[in-house]
Structures are given as C-alpha cells and as structure tokens.
Amino acid sequence: MKPTLLDQKFWRNFAKNNWEKKPLVLKNVKSGLLEMGDAEIFNLLVLYSDRCRKLNNPEGFKFYIDGFKADAEDVLQVLPEKNDKSLLGYHARMKALFPDYCLVCDELLKVNLNKQHLLTDFTDELYRHVGFPNRFSEMGLYLGNYRKTPFGVHVDSCGVFSFPVAGLKRFRLWTSAFAKKNPGLDRAFKYDKYKKNSQLLEVGPGDMAYWPSSAWHIAESDGSFSATWSLGVWIDQPHKEVFSESLKDLLDRKLGSVGATPTTPFKNLRSKTGEVAELPETYRKSIELLQNLTALELQETFLKSWMKHISLQGFKNIPHVDFKLSAKSRIQLRSDRSLILWQQGLTSKEKVYFSFGGVLVESSKSSGLLKLVKAVNAGETCLVSDFLKGASLKKDLASLRVLADAGAFI
Ligand SMILES: [Fe+2]
C-alpha cells in the first residue's frame, strides 16, 4: 500500500474536515514519529527507567494493575530493565506477574532531546493549520495487555492522535450528543447495548488514529500486548483565560501598594435611600492607573507572555539540563528547530527580552547578549567571553545561565 504523506494538502484537509469535528483513521502513514521502531523505544524506556531508579522517583510513569493505579514506590519495581532486552521481553516479565497491566510514560521523548524533533515536526505542522494550543500537548507511551482503558468510557478535554508501535489497537467512540442522552455510558466498562451507536477505529503499527476532544472513548483489546504513542492536544483553555492571566500580571505590577490594601476605606457606603453612588478613593486611584496604561505597555505585556508561551513549543515543559556555563564555555544551540526567542522592549528601547523553554530573561540592548543569541541562532558555535564582557558581564552571564538551564545549548 502506498504510504500516506502528511503533506500540506493532508493538513489543510485535516484542519477543515477533522480537527475538532470528526475522527480519522489513516493507514500506513509516513511520519518521522512512526520511524522510531520498538527497539529504539525500548532503549528510551530503559534509559528513562534507569534515571527514575537512580533518583528513586518514578515521576513520568504510571502503572495500572487491573485498572487500579499503583503507588509510586511500587511503580519503581515494575519498570523496564535492560535485561528485558525488548518490549516483548518486558511484556513477558510483566504478564507473568499481572494478567492485566498498563504502563504509561508521559515523558519518554524528553530523555532523548535528539528525538524531540520527531514529535515537533508533527506538532509544528498541526499547529500551523489548526492554531497553537493555548494550553499544551502531551505525548505519552501506553503499553500493556490491558483489555479496557482503566477508567472506562470517558471524555478528555483533548484531541488525541494515536500511533500504535506494536500490536493492534481498537478505540471505540461515541459522539458527545449520544453520551449526553445516555448517561449510563459515563465510566462504563460494560457497554454492549451502546455498541451499535459507536464508531470503531482500528489501527496497527504504521497507522494513525485521531478523535476530537468531544468524543467519548475507550480502548479495547483482546488481552494481547500493545504499545501506542498517544498525543493529546489540550483544547480546554480559551483565549480569554490566557489574555486575562497576562493582564492580571500587568495589573498586579501596576497597582503596586494600592493593589495590596486588604481593607477599603470609604466615606459613605450608601445614601439613605440605599443608593450606592460613589467609589472609594482606592478604586479611583486604580482606575486612573488603568487609564494611564499605554498601548505600548499593553502590547509589550502580551508580546512577552506570548513569546514565553510559544518558547515551550506547545509542550507542558521542556526538560531542564545540567549545564555548567561560564565565560569560557563554547556554546551551540541544541537544535536548529528550537531557537532562542527574543524581542525588543517596546516601552524601553534599551531592553531586550529572551525566552527559551518557558523562561524569560531580560538584558540591555547594548550588552553582547543579543549578538551572542543571534550568532547561536544562526548555527554558530560561540565562545561566551567573545560576546559578554565589561560591566554587564555578570548580569548577562546569569541570564545566559537561565537559558542554558532551560536546555537551550549543548
Ligand atoms: Fe482518554
């Protein structure tokens, strides 16, 4: 069968007909994400598990036995090991212990930042066509022999793309209209009487399934082993929330000491007739501060929060790294797809803001930091002390360190 290319035509069509509208099954998809084989995924799992064992913390993993979530300390005991040799080897060990188990790893691609682009190649195109998520996307690997999703038929606030790595996957879906009329479906494990109203998506390795956030769903299996990537794109944060959050930060800063007063002095609460006609002084002062906000201040506020938001590339977080940075370091951008973002100050032309991986730092335009960032973004390997020197060295080095910790450099 000819592979299905995720080209511009596909994405345009997807955005128009499927995104948040209707499910889709694509067979034999050509995508970098699917080129990662089960051996490679097994190695990533072992790498991540080794790290969890070393830190004595299974964060990023969840383990379900017969649909029940295991405690953190028990999770450490059931993680993949090098001795398992393969996904199937791990499965053999688990199957002997648990007739029904499910291991979820939410952070797998973060162990290997070199693999991150396989995911961002996909999400970048998705976002280009359907918009950048106001919240984020999450990529999880689900593996096990569980017969049903541990929490029954449910709905999430995210659109889901599913890419099986091993085994066959069946997802049964219902529309939200049907689920509304049939409350018995909620969290159900037995749903035979609703089956005729469902849509079944069947996919295997190399295929892709998608369902919109409104779809109620459950994964079904015959009890054989499967491993699946699942990309959830959260769509539960409307623009007004993002906008008012940034505005709140600005107001908090602007209101200063007035904003902190815990009681409000007043002259009269009401007239004799009960009319409330005047605002206390505190309010009048705050209104004045609002009125004095300039268009540039507003624009700068939103531009900064937008830059910070997109610097995460649509993910919840980007792994932080240990990077010993000094003026003598030679630095290079970790990935030419993850530039350090920057913008000029609007209210003060002397300021420049930089952002990477959800952090934001500020510097003065005259310092060498902007030159350094531009050179690094252009793909150059740079000796820090060639760029940062003089009076601003200490401050700029601190800013650079924040970007380094956020994972910008190698
Ligand atoms: Fe779900």
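Bear in mind that the values in this text are calculations on the coordinates, not laboratory data. What you see is a predicted model, and the numbers here were worked out from it, not measured in a lab. Cβ sites come from the backbone with ideal geometry, for glycine too, and all protein chains shown count toward neighbours.
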Long-range amide H partners of residue 315 with built H, under 5 Å: 137
Burial ordering of 1, 208, fewest other beta-carbon atoms within 10 Å first: 1, 208
Long-range amide H partners of residue 159 with built H, under 5 Å: 213, 233, 235
Angle between the chain longest axis and helix 393-405 axis [Cα atoms, degrees, rounded to 10]: 20
The range 307-346-the range 219-264 distance, computed between alpha-carbon centres (Å): 22
Neighbour net charge for residue 47 - beta-carbon separation under 12 angstrom, K R +1, D E -1: +2
Backbone HN-Hα couplings from phi across the range 319-335 [Karplus 6.51/-1.76/1.60, Hz, Gly and Pro as x]: x, 7, 10, 8, 9, 7, 9, 9, 4, 8, 5, 9, 10, 9, 5, 4, 9
Antiparallel DSSP beta bridges within the chain, percent to nearest 5: 95
Cα-Cα over 23 Å, subset of 254/394; 30/169; 328/371: 254/394
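Under 15 Å from the Cβ of residue 392, count the other residues' Cβ atoms, weight Lys and Arg +1, Asp and Glu -1, and hand me the total.
Every neighbour counted, the sum reads +3.
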Exposure proxy order (Cβ contacts within 10 Å, fewest to most) of 300, 35, 281: 35, 281, 300
Partner aspartates and glutamates for residue 110 [C-alpha distance under 19 Å; skip if fewer than 8 residues away on the same chain]: 35, 38, 40, 50, 59, 81, 121, 124, 138, 322, 336, 405
Proximal aspartates and glutamates to residue 349, defined as alpha-carbon separation beneath 14 angstrom and excluding residues fewer than eight positions away on the same chain: 297, 300, 362
Neighbourhood charge, 13 Å Cβ-Cβ cut-off, centred on residue 202 and excluding it, Lys, Arg +1 and Asp, Glu -1: +1
